[in-house]
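Notes for the one structure printed next.
What follows draws every value from the coordinates through simple rules; no lab data is involved. In this text the structure is predicted, and so the values were computed from the model without any measurement. In this analysis, Cβ positions are derived from the backbone assuming ideal geometry, glycine residues included, and neighbour counts consider all displayed protein chains.
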Amino acid sequence: MPNYNYKPFDVVAPPELGGDGETQNKYPVAIIGAGPIGLAAAVDLATKGIPSVVLDDNNVVSVGSRAICWAKRTLKIFDRLGVGERMLEKGVTWKTGRLFHGTDEVYNFDLLPEDGHKYPAFVNLQQYYVEQYLVEKAQEFQKLIDLRFKNKVVDHEDNNDYITLSVETPFGKYDLSADYALACDGAGSPTRKRMGLPFDGQTFEEHFLIADVEMDESPFETDIPERWFWFEPEFHPGQSALLHKQPDNIYRIDLQLGPEADPKVQATEEKVLPRITVLDAIG
Ligand SMILES: Cc1cc2nc3c(=O)[nH]c(=O)nc-3n(C[C@H](O)[C@H](O)[C@H](O)COP(=O)(O)OP(=O)(O)OC[C@H]3O[C@@H](n4cnc5c(N)ncnc54)[C@H](O)[C@@H]3O)c2cc1C
């Protein structure tokens, strides 16, 4: 596990269950989920003077390796929200990538050949930092953003011109009504499931091992971080691999394992360790 310091956010009783703050018969906006999307929505609304209450079933930023590559367009949005510069400062900036087949470099690219842009082509930054920065930004809008951790939305009722959410907390259950509710509860959205809304798209049967490896020495040939992608590398025959640098000297390697791989078995230490020694073979 990377050396990120996971600090749980405070969990307090909501005003509906006797906690501090004013109860409202109806909130303007309720946001279900405090992941990157819910938090970004709350901050964006607050910058326009629109109050919201944010309900999340958890009280810690996302654990482990999730999104890492933030593109220029996304960084510009984060700039508008007031966290872009912080991300740029902490993150690893890159714009070039190399693609290998075996040991042969078959393609390379530069996503931003021009100078003078405020934000680079990409910044690599672990999702837990992005969520932390968004939570801290949201906490600056104390009068406009009511962040409620360990508040799980378990049901909702559509009353045509407003919505009522049923919320479970460690302090008990309560109902909360809002003019609008934003379902930002992730890819497996319970809200969408309750509403019977499909999430059409294409998936392909595959498994990947994602490992964050802390290393003092860079596996790259130069000090300039790049995106390296391999088809059928010698160190991982018949599959693909991807390597990115992240802050805190953490390198993320994504190894394709094939559709038959059993994720539970592959995530064990004895399986993971021999695979990540491939990093010694790179460069
Ligand atoms: C293993 C893994 C690797 C990934 N790698 C990448 C990558 O390399 N690049 C990339 O771009 N993306 C990656 N992703 C995807 C990326 O993490 C998501 O796109 C991103 O988190 C989506 O943000 P979100 O806010 O929509 O949802 P989430 O981050 O899932 O946040 C949803 C929030 O809603 C809360 N919630 C859920 N149900 C309820 C409820 N009933 N009541 C209240 N709160 C609720 C959850 O606790 C969570 O905090 C990865 C994801 C995973 C799991």
| remark: The summed charge of the Pro259 Cβ neighbourhood (under 12 Å; Lys/Arg +1, Asp/Glu -1) stands at -4
| said: Looking at the calculated P(r) for segment 1-97, what percent of the C-alpha pair distances fall above 17 Å? | reply: 65 percent
| query | How big is segment 59-211 on each of its three principal axes, counting only the C-alpha atoms and giving the largest first in Å? | reply | 59, 41, 30
| Flagged links, alpha-carbon separation over 20 Å, of Lys26/Lys173; Lys245/Lys271; Lys90/Lys271; Lys76/Lys118 | Lys245/Lys271; Lys90/Lys271
| query | In whole Hz, what ³J(HN,Hα) sequence does segment 250-257 give by Karplus (6.51, -1.76, 1.60; θ = phi - 60°), x for Gly and Pro? | reply | 10, 10, 9, 10, 10, 10, 5, 10
| task | Enter the Cα centre distance for the pair segment 128-196 and segment 1-64, rounded to the nearest angstrom. | result | 7 Å
| How much of the DSSP beta bridge set in the chain is antiparallel, as a percent to the nearest 5? | 70 percent
| task | Can you tell me what the convex hull of the Cα atoms of the chain projects to on average, as an area in nm²? | result | 17.5 nm²
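Within a Cβ distance under 11 Å of Asn108, other residues only, what is the Lys/Arg minus Asp/Glu net charge?
Value of the local net charge: -1.
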| segment 107-162: projected area of the alpha-carbon convex hull, averaged over directions, in nm² | 9.1 nm²
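Take the chain, mark every one of the trypsin sites (Lys or Arg not before Pro) that falls in a DSSP loop and has at most 10 other Cβ within 10 Å, then report the longest stretch left between them, sites excluded.
That gives 144-283 as the longest site-free run.
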| Helix-only [θ]222 nm of the chain, DSSP H runs n ≥ 4, -39500 (n - 2.57) each, per residue, nearest 500 | -6000 deg cm²/dmol
| request: At most 16 other Cβ atoms within 10 Å and a DSSP loop assignment: could you name the GluC sites (Glu not before Pro) in segment 136-212 that fit? | output: Glu205, Glu206
| Within segment 147-254, chymotrypsin sites (Phe, Trp or Tyr not before Pro) in DSSP loop having at most 10 other beta-carbon neighbours inside 10 Å | Phe199, Phe204
| request: Quick one: work out Rg over Rh on the C-alpha atoms of segment 147-219, Rh as Kirkwood radius. | output: 1.19
| In the neighborhood of Glu22, defined by Cβ-to-Cβ distances under 12 Å, what is the net charge if each Lys or Arg adds +1 and each Asp or Glu adds -1? | -2
| Where chymotrypsin sites (Phe, Trp or Tyr not before Pro) fall in DSSP loop in segment 1-101, at most 13 other Cβ within 10 Å | Tyr6
